[in-house]
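Since the structure comes first, as structure tokens, the remarks are kept for the end.
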Amino acid sequence: MKTEKTQGIQVRFKQAEQTRMFLSKNNILRTDLRIIRDKQFVYFPIKTVPKTLFKTKNTIMEKEFEKQKTKPKTYKDILKLPKQIQDTLPTSYDIIGDIILIKLPKNLQKYKKNIGESLLTVNKNIKVVCAIEAVTGELRTRNLEIIAGEQRTTTTHKEYNLTFDVDVQKTYFSPRLATERKHIASLVKPKETIVDMFAGVAPFSIIIASYAQPAIIYALDKNKEAIRYAKQNIRKNKLLDKIEAISMDAKDAPRMFKKMNVHADRIIMNLPFSAHLFFSQALQIAADPCSIHYYDILKEEKMDERLKYLEKIAKKNKATITYLETRKIKTYAPREFYIGIDIQATKKTCRCSSARLSG
Ligand SMILES: C[S@@+](CC[C@H](N)C(=O)[O-])C[C@H]1O[C@@H](n2cnc3c(N)ncnc32)[C@H](O)[C@@H]1O
């Protein structure tokens, strides 16, 4: 235990709280040292002798004070890396359930074990730390490596009082879309038929089914593992009568929904980079009118091009689309954004209006 001999003020118990408040308020109390209590007195470590309160020398004395154990604020406070390396440590990371996902640049790879351990030390609820690469491929999964903690990639994430079982390696899930999901749920009107075309473990479907009153939600995904988790999550959140999870390619949605004679009042298309390739299928399953929530990752200068492409597809499908709102949801890279576009589709000749960019 480390100690330091320094000046302290001795006061009786009765005056202790009043003295502590005075010393704190006047910035005289040393917060790096621990206050001492014995049977009769309390001793406060001080920076200087206050002139106003303590006239008798007896109350000021030298004492051996124990040093406070300072709690590290962030994982960076624990790591003692060379300054130029320390400066490149990521300031943010994602937390899914009790798993941290952190992107580490190449120069930090050899420190990954230390980084993982320090993240575990400061985040007491975290049990696993994974170094991640970018989400890639058709199924939007990612390569990752467990760098500290338990050897598992499965967890349970909580969002708006709902629970989501996720495998962070085999399925896509982003806690950063929580506000967006809740926003979409707030737009849903009672008795709507909804199609979540790229549902993953079904967070959009589950939040909508819980916070709005749709008639039915069809949650589609090509990733069998995602649908297995989606079904589990639907059951756990007691929404079996509201959501049907189906393992399938969204390309086949028009055929299936035609057979079922189902038309969607609302469609969620959360497949950044590729959603535009499925816009025709979305229009084919759309009711008249239909609200489409379209998500993409785009550089600002590519935005107009993508909107024109969607208008072309609408025209081919004899639909009219109106862009209601465009939101920047998060930054993906410099000048590149995760974008949400709210579209109104009707089955008339195309008179496409231009988008309004907000956020
Ligand atoms: C970006 S994730 C979104 C998941 C979910 N909507 C969410 O917000 O967490 C896209 C999902 O689309 C699925 N996917 C990709 N291509 C697909 C296709 N052709 N048909 C159906 N699902 C597909 C992936 O497996 C992945 O789960």
In what order do T31, T155 fall by count of nearby beta-carbon atoms within 10 Å, going from fewest to most?
-> T31, T155
Spatially proximal aspartates and glutamates relative to K76 (Cα-Cα < 18 Å; intrachain offsets below 8 disregarded) = D87, D94, E117
Semi-axes (Å, rounded, descending) of the ellipsoid equivalent to segment 204-359 per its C-alpha gyration tensor are 26, 20, 14
Taking springs between alpha-carbon atoms closer than 10 angstrom, which of I28, I292, I126 fluctuates most in the Gaussian network model of the chain?
-> I28
Amide H within-cut-off set for L271, under 5 Å, with H built and near neighbours excluded | Y295
Long-range amide H partners of D196, meaning residues 5 or more apart or on another chain whose placed amide H is closer than 5 Å, are Y218, A219, L220, I268
Excluding A333 itself, what net charge comes from residues whose Cβ is under 15 Å from its Cβ, given Lys and Arg +1 and Asp and Glu -1?
-> +2
Yeah, segment 3-66 with a ≥ b ≥ c from its alpha-carbon gyration tensor (a/c under 1.5 is rounded, else prolate when a/b outruns b/c, oblate otherwise) is rounded
Residues meeting the amide H criterion for Y332 (H placed from the backbone, H to H distance under 5 Å, 5 or more places apart or on another chain) are F337, Y338
Cβ density ranking, 10 Å radius, fewest first, applied to T91, T59, T19 yields T91, T59, T19
If you take the square roots of the eigenvalues of the alpha-carbon gyration tensor of segment 163-262 and sort them as a ≥ b ≥ c, do you get rounded (a/c under 1.5), prolate (a/b over b/c) or oblate?
-> oblate
Whether segment 75-152 is rounded, prolate or oblate, judged on the alpha carbon gyration tensor where a/c under 1.5 counts as rounded = oblate
Over all pairs of distinct alpha carbons, what does the Kirkwood formula give as the hydrodynamic radius of the chain, in Å?
-> 24.4 Å
Can you give me the Cα centroid spacing of segment 91-145 and segment 215-292 in angstrom?
-> 31 Å
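Values quoted throughout were computed directly from the atomic coordinates according to the rules given, and no laboratory measurement underlies them. Values in this document were obtained by computation on a predicted structure and should not be read as measured data. Cβ atoms come from the backbone with ideal geometry, glycine included; neighbour counts cover every protein chain shown.
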